[in-house]
Structures are given as structure tokens and as C-alpha cells.
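Remarks on the structure that follows.
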Amino acid sequence: MKAIFIIVLVTISHMTYAARIKDITTIAGIRSNPLIGYGLVVGLDGSGDQTNQAPFTTESFLNMLKQFGIAIPAGARMQLKNVAAVAVHAELPAFAKPGQQIDVTVSSIGNSKSLRGGTLLMTPLKGADNNIYALAQGNLVVGGLGVEGQDGSKLTINIPSVGRIPNGANVERSVPTTFSTGHPIIFNLHQADFTTAKRIADSINDLLGPDVARAKDAMSIEVNAPKDTYQRVSFISLLENINIQPGEAAARIVINSRTGTIVVGSNVRVDPVAVTHGSLTVTVAEDIEVSQPEALGDGATVVLPKSNVTTEQQAKPMFKFAPGPTIDEVVRAVNEVGAAPGDLMAILEALKEAGALKAELVVI
């Protein structure tokens, strides 16, 4: 099977372009928090857990019945084909208040084949501190489909053992933040860059006065803010809409070795170097010859293998890069000699080893 390669050439113009501070930063202490819980999904059409292989499902179901005063005789055998044990997880947004609703994801943890048509019973969702922050319950929306015939044939579309419940959890407790305290506000860049951090600090100081903002490092910008909560809201609203010119990204080439995708930044440069690239193809063909004895002879029929080995080498001319060529010139030179994207991947790796490629080469 031939691999299909894709080249993505990223060209960044040297013209000034602006980005809002809110699009390239986050505010320290303001983030979402993961929640997780364990529950039961009921109402399945025979696709629940097999209790002999998932005993925790039966135990969980019996514990739930005890809460309603229902006792099951000891030694009773239960086949809960319509019940499945599930893990429930969600993200609690920053500033979420009690009474608000959030989406939840429900995943089977037993051997249930499908959660389609099931209903999640009330499940508490806990945070990392083991406190309950939300309660989840509702009907599942399952995008997958699984069908199995009596002869063992199966058809599965997507993943039927995972579903979602939009607005399926009610927030019961909010997470405290440092937003309302009198500490300075810290903006953290999505990607660390000293130039961008300095430009953000300079833009804020130009608007509000000197020494209001300070770039602590390549990631964080500290800003003095009002202590009053209402004033802090207006203050951050003003800051996050300031337009700044981010610093240019470092020269980098990213190669996905699995898909053959190559992403090359525009700041990549190559020192003077000569490159030649060819390929040698070896083909081995196996034939069979049959040797038969003469009529009325004593010999026997013999099958003899016959191998034909041929080689073919493509003639690729050598090409030379002038001092400091741009990546556009590199790609153009490679394309002129007919090199495929897979060849470009090998050439870039060789240039890096030779010390001629002035860029970071990242293979994922």
C-alpha cells in the first residue's frame, strides 16, 4: 500500500497583524475543574452488564435498592441485562454557580455493549478534594450503534458504549477563586514568548500609565488591578480587548511520521548546501518451472522455483541552495527535481543532521 503524504506550507507575512489579549492568554486562577462520579444506567434493551463478569454492577444495584427499603433474599440470582455500571465525568466551568447546568459524558466500565436508550440515575460528581459539586441524571444521547446477529456477525458504528447528557448535571457548589481578592492579575500566554510578553506589558502601560504591567517571564504578565470586585470586572474587560502584535514564532518544522504531514514555518532558513536524492527499487519476481521426464522414462515430475531480480534507480540531479534561502525556495527546488513529499521529509532530516537547517525539527 502506498502512503499518501501531505505538505502544509505555513507562510507568515511580515506585515503587522493584531490579536486581542483575551485570545492569546488566560488569567491565572480562573479555570475549569474536572468532576467524576460512579453511577448506574438503567432501561437498556438487554445490552447491560453481564453480572457474572461484572459483579460490582449487581452490588451497586443492591445497595441502591436498600436505600429504598427493598431487601433481596440471600442467594438470589439476578440477571441485570438492562443495567450497566458507568463512569460519569464533566467539566465545571469557572464561576459556575449553584443551580446552573453542565453537560456530562457517560462511559461504560463493565461489559455493556451499548448504552443506547438508557437513563442515568442520580449520580453525585466529585472534585479532586472529594467534595460533591454537581448531581447528574437524565437520558443518554448515544451517537454509536452496535448490532449483532445470531451467527456472530457484528456491525458497530462509532462507540455505542459512550453517551452524553446535555445539561445533564445541576451544579450544587461553586469553586472559590482568587479573582475577588486584592492580588495582582496575572495573564498567562498560551505559548511562551518573551517578545509577546513584553509587547503586552508595553501596550497596557501605554494605555494606563507606567509600571501598571510587568512581564515576569516568557509566560506571565503581572498587572496591578483594583481591589473592588466590580472595578476588577471592568478593568479586565478593558485589558482583554487590547490589540497587540504577537512575536513571530520560532523557526520550526513539524513532521507527522504516521500520516506523512509536514508543516514548515516561514522563518526556516538553510545554509549553502548541495543536495542529491535518489531511490533504488529492487523487484523480486518468483516464477515456477515444471520439469517433466521423457515418455516411458524413469524420472519424476519436478517443480523448480525461478527468481527474477531486477533493480531500477531513478536519476535525480543535484541541486544547490544559495546562502539563506527561504522555505519557499527550498520547496520549489525539491519540486523541480520531482521529489515526492516523502523525499522532502528525508531531505529535511538530512539537512538537520548536516547542520544546514536553521530550524527545530519536531517529529510526532
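The values are calculated or read from the model by the stated rules, or taken from the named source; none is laboratory data. Predicted model only: the values in this text are computed from it and were never measured. Neighbour counts are summed over all protein chains in view; Cβ atoms, including those assigned to glycine, are modelled from backbone coordinates with ideal geometry.
Can we say Asp228 is among the charged types (D, E, K, R) and over 30 Å from the mean Cα position of the chain (by Cα)?
Spelling it out, Asp228 is indeed among the charged types (D, E, K, R) and over 30 Å from the mean Cα position of the chain (by Cα).
Can you tell me which residue is surrounded by the fewest Cβ atoms within 10 Å (Cβ to Cβ) among those in the stretch 192-219 that are of a type in the set (A, V, I, L, M, F, W, C) and part of a loop (DSSP other than H, G, I, E, B)?
Across the stretch 192-219, the extreme among qualifying residues is Ala192.
Does Thr57 fit the bill of being under 31 Å from the mean Cα position of the chain (by Cα) and either in a loop (DSSP other than H, G, I, E, B) or hydroxyl-bearing (Ser, Thr, Tyr) (or both)?
Numbers: under 31 Å from the mean Cα position of the chain (by Cα): no; either in a loop (DSSP other than H, G, I, E, B) or hydroxyl-bearing (Ser, Thr, Tyr) (or both): yes.
Spelling it out, it is not the case that Thr57 is under 31 Å from the mean Cα position of the chain (by Cα) and either in a loop (DSSP other than H, G, I, E, B) or hydroxyl-bearing (Ser, Thr, Tyr) (or both).
Taking the criterion of being surrounded by 15 or more Cβ atoms within 10 Å (Cβ to Cβ), modelled with pLDDT of 95 or more and either out of contact with any Phe, Trp or Tyr (no Cβ under 8 Å at 6 or more places or on another chain) or of a type in the set (Asp, Glu) (or both), would at least one residue in the stretch 122-130 satisfy it?
Yes, the conditions are met somewhere in the stretch 122-130.
What are the residues in the stretch 66-88 that are without any contact (Cβ under 8 Å) to a residue 40 or more places away in the chain and under 25 Å from Gly127 (Cβ atoms), if any?
If the condition is that a residue be without any contact (Cβ under 8 Å) to a residue 40 or more places away in the chain and under 25 Å from Gly127 (Cβ atoms), then Gln67 is the only one that fits.
Inside the stretch 171-191, can you point out the residues that are out of contact with any Pro (no Cβ under 8 Å at 6 or more places or on another chain) and in a strand (DSSP E or B)? Spell out how you get there, then give the answer.
Taking the stretch 171-191 first, the residues out of contact with any Pro (no Cβ under 8 Å at 6 or more places or on another chain) are 175-191.
Residues satisfying the conditions are Ile185, Ile186, Phe187, Asn188, Leu189.
Go through the residues of the stretch 236-250 one by one and say whether even a single one is surrounded by 15 or more Cβ atoms within 10 Å (Cβ to Cβ), over 16 Å from Arg20 (Cα atoms) and either of a type in the set (Ser, Thr, Tyr) or out of contact with any helix residue (DSSP H, G or I) (no Cβ under 7 Å at 6 or more places or on another chain) (or both).
Checking the stretch 236-250: not a single residue is surrounded by 15 or more Cβ atoms within 10 Å (Cβ to Cβ), over 16 Å from Arg20 (Cα atoms) and either of a type in the set (Ser, Thr, Tyr) or out of contact with any helix residue (DSSP H, G or I) (no Cβ under 7 Å at 6 or more places or on another chain) (or both).
What number of residues within the stretch 206-234 satisfy the criterion of being of a type in the set (A, V, I, L, M, F, W, C) and touching a residue at least 40 places away in the same chain (Cβ under 8 Å)?
2
Give me a count of the residues in the stretch 89-131 that are touching a residue at least 60 places away in the same chain (Cβ under 8 Å), part of a strand (DSSP E or B) and of a type outside the set (S, T, N, Q).
Selection size over the stretch 89-131: 12.
Here is a yes/no grid of residues against (1) among the hydrophobic types (A, V, I, L, M, F, W, C); (2) modelled with pLDDT of 95 or more; (3) farther than 30 Å from Leu125 by Cβ:
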site	(1), (2), (3)
Val171	yes, yes, no
Phe179	yes, no, no
Gly182	no, no, yes
Ile186	yes, no, no
Ala192	yes, no, yes
Thr195	no, no, yes
Leu207	yes, no, yes
Ala225	yes, no, yes
Gln231	no, no, yes
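For the condition exposed (fewer than 15 other Cβ atoms within 10 Å of the Cβ), touching a helix residue (DSSP H, G or I) at 6+ places or on another chain (Cβ under 9 Å), at pLDDT below 90 and in the same structural domain as Leu351 (by TED's automatic domain parsing), what is the one hit in Ser266, Ser307, Ser257?
Ser257
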